[in-house]
Amino acid sequence: MRPGAAGSRGGGGPSPSRAPGEERTLTSVAAGDRYEREHREHEGAERGREHGTRRAHDGRPEPADQPRLWHITLRVSGAGTPLQEVRRGLEQLAHDHPFLLTSRYADDHAEIRYWEEARDLHDAAAVALRLWGEHRQSAQLPPWEIVGLEVIDRETYHQRLAEGYGPPPATPIGVHPF
């Protein structure tokens, strides 16, 4: 049952203002200025995509096919592994993947944060989801699985920081225990 449906009317029976079996009359309400304005903005954005542009957060047009920066947080977890092996593997990963900002680790999980340049969120997420597996042998990483992924654009990352949400900036940079 949908929250707020018949059960909230006290007993689930018909409304006292309607006879049993009588259907409700539905009425419409004018959309209003806000809806009209948002609808026009949405249509303008759709037309922009058709012409190869998109709107940046500050409202200026930018080419839709230009890469953007995405903040990636990748979390992995698995069977316990000696801490020195986890640390060595993450340090090698940082060497192999120069955009790595920071890694935190324990004997059974790790978190990796870095910036990725990609055309859109889908591309950034796809690259992030391959990172652990592609570097597992070369960096001798534990055979852990990805258990979490967050991909946010640069503007959202900075907005979260300004509002006091989200992780603090990745300092100190490097590989550190939890």
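The values are calculated or read from the model by the stated rules, or taken from the named source; none is laboratory data. Here the structure is a predicted model, which is why all the values come from computation and not from measurement. Just the protein is used for accessible areas: all its heavy atoms, side chains included, with ligands, DNA and RNA removed. Shrake-Rupley method; radii C 1.70, N 1.55, O 1.52, S 1.80 Å.
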Worksheet item: Given the Cα-Cα distance of H122 and E163 and 0.36 nm per residue of separation, how much length would full extension add, in nm?
Response: 12.2 nm
Worksheet item: Using only the Cα atoms of segment 82-121, what do you get for the radius of gyration and for Dmax, in Å?
Response: 11.6, 38
Practice prompt. Work out, step by step, the length gained on full extension between E85 and E150: first 0.36 nm times the residue separation, then minus their alpha carbon distance; give nm to one decimal.
Written response: 20.9 nm
Worksheet item: So, with a 1.4 angstrom probe, what is the percent of accessible area on segment 66-178 that is carbon and sulfur?
Response: 52 percent
